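The values are calculated or read from the model by the stated rules, or taken from the named source; none is laboratory data. None of these values were measured; they are calculated from a predicted model. Ideal geometry is used to build each Cβ from the backbone, glycine not excepted, and the neighbour counts take in all protein chains shown. The accessibility values were calculated without ligands, DNA or RNA, using every heavy atom of the protein model including side chains. Shrake-Rupley method; radii C 1.70, N 1.55, O 1.52, S 1.80 Å.
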Amino acid sequence: MKNVLLVGAPNSGKSALFNRLTGLQHKVANYPGITIDVGSGALRSDTRAQVWDFPGTYSLNAISGEEEVAIDALRSALADERPAVVAMVLDATRLEKGLTYCLQVAREAARSKKPFLVLLNMMDILEHNELALDLDGLRASLGVPVLPVSARTGNGVEAAEAALLNASAAQSPWADTPDALIEGSAQQIADRFVPQGELLVRRQAKIDSWLLGTASGGVAFVVIMTLFFQAIFTWSAPLMDGVEAFILGLGAWLVPLVPEGIFADFFEDAVFGGLGAFLVFVPQIFVLTLIIGALEDSGYLARAALICHRPLSYFGLSGKSFVPLLSGVACAIPAIYAARTMSSRQERLMTYVAIPLMPCSARLPVYALLITVLIPDTTAFGGLLGWQGLVMSGIYFFGIVSALLVASVASRLGESESRKQAFILELPAYRTPNILPIIHASVNRAGHFIQKAGSIIFTVTVVVWFLGYFPNGGEDLSASWLAVLGTWIQPVFEPLGLDWRYGVAILASFLAREVFVGTLGTIFGIENADDDPAPLAERITESGLTAASGAALVVFFTIALQCVSTVALLARESKSTGFAMRLLLSYLVLAWIAAFAVHGLVSLF
Amino acid sequence: MSLWSLSVGASASVSSVTGGTGNAAAQRLIDIGFRKGQTVSCLLQPGFGAPRVFALGNATYSLDKETADLVILTDDRPS
Ligand SMILES: Nc1nc2c(ncn2[C@@H]2O[C@H](COP(=O)(O)OP(=O)(O)OP(=O)(O)O)[C@@H](O)[C@H]2O)c(=O)[nH]1
Ligand SMILES: [Mg+2]
């Protein structure tokens with residue numbers, strides 16, 4: 001078996017090439033530092049060869065823990081006895097940025113007697129702009145094979161595959177070159193072979209002068225972010241309606257087929273009441289991932305990070321926190337992973353503190369349900385805006401503001417790192433987003449969500465249904481085991497004006513927030529078993545949830561860290577279980593206090 | 001003068017990167033090509049103290065003030 005190691009500077013197209021070579025779908029995006037783990041897959045044309053996709057690094061001198069991990073992984077792969085070929089991926093349009101690293105790795109490869117070659121990627125862009133590059137000259141100067149490829153079009157990939165399979169260690173001119181000479185040589189090669197004309201830089205600068213201009217940049221940022229949030233709600237609305245109609249139709253068709261009795265009850269209350277209530281929100285997650293992916297691949301998110309650097313640094317964060325925080329609007333899990341690109345541990349911890357407060361999509365079902373119950377479906381400002389939509393935006397805004405405020409307080413309390421971390425961010429070229437892989441990734445994310453959340457929600461609804469249905473066969477919910485459990489936790493939620501049914505649902509939602517909706521669906525389903533199947537919101541309204549308690553619930557959900565996966569991942573990524581536990585506890589206490597305050601305040605009116 | 005004081009559209013050549021060998025930011029600047037003799041230009045200065053955009057050959061980087069101040073330029077020649 002042979003290993004192919006794909007290494008190179010960030011954003012040079014390693015993952016795109018990896019996907020070409022293996023047929024897999026690793027995440028590709030136009031933002032430096034997307035790949036965070038070494039991943040592998042079999043070469044498509046010869047499955048005996050294993051291809052490895054490395055995180056991008058600018059040099060063998062790591063400046064953060066994560067880079068060190070990637071570099072150590074490369075070193076141990078080189079030290080390994082088994083045959084391996086090192087493929088250095090260089091971005092032909094930005095040749096200079098990868099050359100130092102290229103020569104450093106060429107030297108290491110030569111020392112461990114591993115063949116080394118260069119895959120000169122993004123050749124399609126050079127061709128498209130009629131920019132020439134002296135390939136033979138470059139080969140001669142580097143003293144290693146250089147293969148022109150384009151991961152976008154697939155040109156040259158076949159030849160590259162053959163070269164990778166047949167590569168053998170040759171005499172390398174770099175085996176004994178000292179560090180100082182490596183830098184100088186990289187410089188000389190760059191000076192000689194980098195495509196001249198600054199055509200690419202100038203085009204990019206023209207767009208940047210708009211998107212980063214003092215006034216126009218701010219306006220563009222606000223417009224893009226407004227469209228972003230609008231799209232999450234308006235674009236996904238028809239999809240959500242479709243899913244809802246489908247589930248209702250399926251229920252109406254299937255439920256009568258099941259013979260009456262315990263199975264029919266279970267089917268209707270737990271499966272359609274619980275699981276169906278949450279599946280409606282899957283389209284939103286899809287749309288959200290799609291838009292973030294498109295923004296990322298266009299190159300804009302790197303600009304947004306730059307724009308936000310100063311404002312975020314007031315809150316103890318950095319411009320590099322922007323992408324993690326924005327991803328947090330979808331889900332805390334990818335957000336926590338995205339924070340790996342931040343080199344300063346202090347800033348990363350502060351980003352971790354802020355992420356759980358970002359209004360993630362798991363909260364959306366909860367907010368949507370409560371808004372339907374509490375806010376009349378009427379319009380404001382002469383029919384221009386709906387009150388329900390306005391309140392939803394308000395809740396989102398509240399979440400984001402509290403995330404920033406908490407980060408700011410935490411960074412002032414925490415151990416202060418003497419020197420502020422440097423901000424160095426490569427600005428990628430603008431590109432038309434490559435839409436197919438983005439759609440693919442969004443479908444994956446939605447599927448993953450259904451799988452992961454679906455199995456948790458299913459288990460919880462089954463347990464809740466079981467506890468609520470017995471010991472009296474669903475006759476009297478208030479005499480069920482569930483009600484007994486509810487009375488134990490009653491004292492905690494009574495001050496918020498919430499009865500035991502909400503207490504149980506909140507308790508269950510610490511597994512994952514969206515479980516709240518499914519659990520309530522099951523509980524109210526059992527309780528109203530004799531009624532026509534009515535939407536959950538209607539049943540809650542009938543049960544008489546007060547405005548004060550509803551508001552308290554919303555506030556509780558914006559702050560509390562109710563998500564087992566987030567806590568587990570925080571513990572792992574911060575390498576501190578104590579940190580994750582402290583966050584969990586503090587947010588719980590804070591959420592309860594804020595909910596209590598809001599309950600008292602709203603009760604006054 | 002430092003890279004931060006380069007005006008928009010101007011370019012100059014790098015004289016040195018200060019900060020010493022222990023400085024991670026300085027090391028990274030050198031690794032990505034901010035080296036003696038290299039020509040850098042300032043492409044953009046967004047307002048409100050935001051990081052500025054610099055071009056080094058065909059690659060572009062945004063650096064905040066503290067980082068750009070590590071790069072010392074020799075002279076200012078109009079491009
Ligand atoms: N036009 C063009 N774009 C490409 C090519 N290869 C990659 N890209 C784009 O370049 C960007 C970066 O690609 P990735 O594959 O994510 O780069 P990477 O080297 O894996 O980046 P990191 O994981 O961040 O180190 C994406 O927007 C790709 O679509 C190519 O050959 N031509
Ligand atoms: Mg990658």
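Some observations on this one:
- A 1.4 Å probe run over chain B, with the rest of the protein chains in place, finds 37 Å² accessible per residue.
- Here the accessible area of the protein assembly as shown is 63 percent carbon and sulfur, with a 1.4 angstrom probe and all protein chains present.
- Residues whose amide H lies under 5 Å from that of A:Val4, counting only those 5 or more places away or on a different chain, are A:Gln50, A:Val51, A:Trp52, A:Val85; hydrogens are built 1.01 Å from N in the peptide plane.
- Pairs exceeding a 30 Å alpha-carbon distance, out of A:Lys97/B:Lys65; A:Lys575/B:Lys36; A:Lys206/B:Lys36; A:Lys14/A:Lys320: A:Lys575/B:Lys36.
- Ligands, DNA and RNA aside, A:His440 has an accessible area near 80 Å² when probed at 1.4 Å.
- Degrees, to the nearest 10: A:345-354 long Cα axis against longest axis of chain A: 30
- Estimated FRET transfer efficiency when R0 is 35 angstrom, pair A:Glu158-A:Ala237 (beta carbons, to 0.05): 0.20
- Calculated Rg and Dmax of the range B:3-74 using C-alpha coordinates, Å: 11.1, 32
- On a per residue basis, chain A carries 43 Å² of accessible surface, using protein heavy atoms and a 1.4 Å probe.
- Note, ³J(HN,Hα) from phi for the range A:322-328, Karplus 6.51, -1.76, 1.60, rounded to Hz, x at Gly and Pro: 4, 5, x, 5, 5, 4, x
- Accessible area of A:Ser455 in the full protein assembly, 1.4 Å probe (Å², nearest 10): 60
- Over all other residues within a Cβ to Cβ distance under 15 Å of A:Arg192, the charged ones net out to -3, with Lys and Arg as +1 and Asp and Glu as -1.
- Under the Debye formula (equal points on every Cα, no solvent term), log10 I(q)/I(0) of chain A at q = 0.11, 0.12 Å⁻¹: -1.07, -1.19
- Were the residues from A:Lys575 through A:Tyr314 laid out at 0.36 nm apart, the gain over their Cα-Cα distance would be 91.4 nm.
- Where A meets B: accessible area buried, both sides, 1.4 Å probe, Å²: 3000
- Using a Förster distance of 25 Å, the FRET efficiency for A:Ala169-A:Gln25 (Cβ separation, nearest 0.05): 0.20
- In chain B, the chymotrypsin sites (Phe, Trp or Tyr not before Pro) that fall in loop regions by DSSP, at most 14 other Cβ within 10 Å: B:Phe48
- Estimated inter-spin distance, A:Ser216 and A:Glu494, nm [label 7 Å along Cα→Cβ]: 6.4
- When nucleic acids and ligands are ignored and a 1.4 Å probe is applied, A:Lys27 ends up with an accessible area of around 120 Å².
- Listing of the range B:47-61 residues, each with accessible area lower by at least 40 Å² in the full protein assembly than in the chain alone (probe 1.4 Å): B:Phe48, B:Pro51, B:Asn58, B:Thr60, B:Tyr61
- Each Cα pair under 8 Å and six or more residues apart adds its separation to the average, and for chain A the resulting relative contact order is 12 percent.
- Table column - 3J(HN,Hα) (Hz), the range A:19-31, Karplus curve with 6.51, -1.76, 1.60, x for Gly and Pro: 4, 4, 6, 10, x, 7, 10, 6, 5, 10, 7, 8, 7
- Comparing B:Thr39, B:Thr60, B:Thr21 in a Gaussian network model of chain B, where Cα atoms under 10 Å apart are tied by springs, the biggest mean-square fluctuation is seen for B:Thr21.
- Modelled FRET efficiency - R0 25 Å, A:Ala479 with A:Phe267, Cβ distances, 0.05 increments: 0.60
- For the range A:170-216 and the range B:30-46, distance of Cα centres in Å: 10
- Alpha-carbon centroid distance for the pair the range A:303-320 / the range A:447-499, whole angstrom: 42
- Full-extension gain in nm, A:Arg75 to A:Met225, via 0.36 nm per residue minus C-alpha separation: 49.8 nm
- With the helix formula -39500 (n - 2.57) applied to DSSP H stretches of n ≥ 4, the protein assembly as shown reaches a computed 222 nm mean residue ellipticity of -17500 deg cm²/dmol.
- When all protein chains stay in place and ligands, DNA and RNA are ignored, the 1.4 Å accessible-area order of A:Trp592, A:Trp465, A:Trp481, largest first, is A:Trp481, A:Trp592, A:Trp465.
- Length released on extending from A:Ala252 to A:Ser455, taking residue separation times 0.36 nm less the Cα-Cα span: 70.8 nm
- Annotation: amide H of A:Leu427 within the under-5 Å range of B:Thr60, B:Tyr61, B:Ser62, sequence separation 5 or more or interchain, hydrogens built in the peptide plane.
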